[in-house]
1. Among the listed pairs 80/239; 12/225; 19/80; 39/80; 12/39, which have their C-alpha atoms separated by more than 21 angstrom in this model?
2. So which trypsin sites (Lys or Arg not before Pro) in segment 27-127 end up in coil per DSSP with only 15 or fewer other C-beta atoms within 10 Å?
3. With every protein chain present, what is the per residue accessible area of the chain (1.4 Å probe, Å²)?
Amino acid sequence: QASVDMSEGEWKYYSGGPKEAEALVCLPGASGTAELFFKQMNSLCPKGFRIIACQPPAYFTHGEFVSGFDAFLDYVEAEKVHIFGVSLGGFLAQLYSIARPARVSSLILCNSFWSSHAFHKASPLLVPMYQYMPGFYLKNIMLQSFNAGPMESDIADAVDFAVVQVDNLAQSEVASRLTLNCISAECAGVRVPDDRITILDSLDRMARPTALRDELYSKYPNSRKALMRIGGDFPFLSKAEEANLYIEVHLRAVGAVAVPSIVAAQQAAQEEREQELAAGGGAAAADDE
C-alpha cells in the first residue's frame, strides 16, 4: 500500500507483481476504492502479472482526471497500461484512452457505460452543487443505488464491504465521484480496437440501467463479452474466481503475458516447500518408529 501526493491531491494505490511487465491498472466505480481489488492482486500477482489498484483524489472535471491519471502513471513508471475499469472507472478509462491513446494497450470494462447523458438528465441541477453538499447526504445518495433486495451471501458480503469503503471516503471524494459520473459526456473516438476490449458484465440486478449496458455493447460490437450470470455491482469481488479467469484470458489474449522468470521462480519455490514438507513428514514417521 502506498500513496502519492500530487499537486491536486493524493492518489492511493496498491501495487504488486514484476515492474518489467505491462501493468493492469484497476479503477473503481463511484462507490469503490482501491481495496476492492484485493482478490485480483492476490490471484494475478503470484502468476507474474503486474497489478496496480488505485483510487484518484477529488477531481471535478474529466479533463482534470485525465491530467491527474497521466501524472500518476508517470509516478508508478507505467508507460503503457491495460485498464480494468468498473462502472465510472470504466467510463473514465474510455475517456483517458481517447485523450492518451498511446498509453492504453487494452480495456476491460466491468458493468460500465459509454455515455453519462442519462445520469446528467436525472439530476442536472445537482451536478454543480455536489461539491458543496454535506458528506452524509452525498453518501446516502450513493448508497441508495445499491440493490436492497434478496441476494446471495457472497454478493451481500461484497456490498457490505463496499459500504464500509464508502463510509471511509471524504466528502470531497464522494462529491467528485458523483460529479464525474453525472457530467454529460460520451466516449466517442476510442481508438482501442474492439478485439482489445473485453466487456465483463453481471446479468443480474445492478445500479446501471439496462439501456446503458445495451448502448455500450452497440459501441463495441466486436469486443469480447464475458457475461456472468450473477455477480451484482461488484462481480470481481463477489465472484472473484470467475472474474479473475476472464481477466487473465483477456490479458493473455492481448499479449500481456506473465513474466516467465517470476513464474519459474515461484514454481521452484513451491516445489522446494513441498520437498521440505515431504522430508519433514518422513523424519516424523521415522521418529515415531
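1. In this structure, 80/239; 12/225; 39/80 lie more than 21 Å apart at Cα.
2. Taking segment 27-127 and a limit of 15 other Cβ atoms within 10 Å, the loop trypsin sites (Lys or Arg not before Pro) found are 80.
3. Heavy-atom accessible area per residue stands at 45 Å².
The values are calculated or read from the model by the stated rules, or taken from the named source; none is laboratory data. Just so it is clear, the structure is predicted and the values come from calculations on it, not from any experiment. Positions of Cβ are generated from backbone atoms using ideal geometry, with glycine treated the same way; all protein chains shown enter the neighbour counts. Side chains are part of the model used for accessible areas, which takes the heavy atoms of the whole protein and leaves out ligands, DNA and RNA. Shrake-Rupley method; radii C 1.70, N 1.55, O 1.52, S 1.80 Å.
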